[in-house]
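Written out below as structure tokens is the structure these notes cover.
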Amino acid sequence: MGRSLFISFEGIDGCGKSTQIRLLNEYLKGKGYDVLLTREPGGSVISEKIRAMLLDKANSDMTDVTEALLYAAARDQLVNTVIIPALEEGKIVLCDRFVDSSEAYQGFGRRLGSEYILDINRRILDHLPDITFYFKLTPEEAQRRISNMKRDTDRLEEAGISFFERTNEGFNTIAERDSDRIVTLNAGDTIENIHQKITDIVDDYLNR
Ligand code: TYD
């Protein structure tokens, strides 16, 4: 049986984490590790149903609290029916987003606050990842994203832009606070450099 390891990947939309998850998955599988790749919200039958509700544009009147509770519900289902069993089998679990996304998006972005988000995710906090890679955008790239949003989306008024800024700031705050667990990566670096940094850290952990 291999050594179990739980890794999550965080960052605002478009930070490049999907590419890095795919590369790490291939790298670890190439080395013979048993890897489970999953994502949030989703990753289990019930969680994917909740995901569909969350991402459905028809649900535009969903309250912020409903949204936060649905993300927490999808997470509880994923952790208990998929992630914990996989870790018990000695697998390496790679999860695209985890509880930090709820704190950043719902806590900071939607302004529900960290305390409330951590409260409704309390049981999940016993199952935090061993390592979280946070893909941090440089202020310049963050700025560019904001101006792209202004150009591309007419519906995206002030609220949308400050939602993005608050979420980004939320991730930065969480990463600084939980620096024991969260590894901050410069999302503007090259794909190769970022991949190298990630594999160095993961190899180090697995060889410990
Ligand atoms: P997705 O299409 O998977 O985005 P990405 O590929 O960038 O991960 O949609 C997930 C969306 O859900 C994304 O915008 C972030 C958001 N989200 C939250 O707001 N709270 C959460 O707890 C999680 C897990 C995701």
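Since every read-out is calculated from the coordinates, none of them should be taken as a lab result. Keep in mind it's a predicted model, so treat the numbers as computed, not measured. Glycine also receives a Cβ, built like all others from the backbone with ideal geometry; neighbour counts cover every protein chain displayed.
Can you compute the helix-only [θ] at 222 nm over the chain? Use -39500 (n - 2.57) per DSSP H run of at least 4 residues, normalise by all residues, nearest 500 deg cm²/dmol. Walk me through the intermediate numbers first.
On the way: 8 runs with 103 residues, N = 208.
That comes out to -15500 deg cm²/dmol.
The spacing between region 73-147 and region 1-42, judged by their C-alpha centroids, is 14 Å. The label-point distance for D126 and E89, in a model that sets each label 7 Å from Cα toward Cβ, rounds to 2.3 nm.
Just S47, S60, S102 to compare: in a GNM of the chain, with alpha carbon springs under 10 Å, which one fluctuates most? Comparing S47, S60, S102 in a Gaussian network model of the chain, the most mobile one is S60.
Here the Gaussian network model covers the chain, with springs between Cα atoms less than 10 Å apart; of N186, N168, N148, N148 fluctuates the most.
With R₀ set to 35 Å, the beta-carbon distance separating Q143 from N80 gives a calculated FRET efficiency near 0.30.
For the pair N186 and E26, label points projected 7 Å from Cα toward Cβ lie 2.4 nm apart. For the chain, the longest principal axis of the C-alpha atoms and the axis of helix 139-152 are separated by about 50°. Note on Y116 and S4: their simple-model spin labels are 3.3 nm apart, each label 7 Å out from Cα toward Cβ.
The length gained by stretching the chain between D203 and R166 to full extension, at 0.36 nm per residue less their Cα-Cα distance, is 10.0 nm.
When only DSSP loop residues count, what GluC sites (Glu not before Pro) in region 1-97 have their Cβ near at most 15 other Cβ atoms within 10 Å?
On the way: sites: E10, E26, E48, E67, E88, E89; in loops: E89.
Filter output for region 1-97: E89.
By the gyration tensor of its Cα atoms, with a ≥ b ≥ c the square roots of the eigenvalues, what is the shape of region 5-206: rounded for a/c under 1.5, prolate for a/b over b/c, or oblate? Each step should come with its number before you reach the end.
Values: a/c = 1.74, a/b = 1.21, b/c = 1.43.
Oblate.
The slack between T173 and M62, meaning 0.36 nm per residue of separation minus the straight C-alpha distance, is 37.3 nm.
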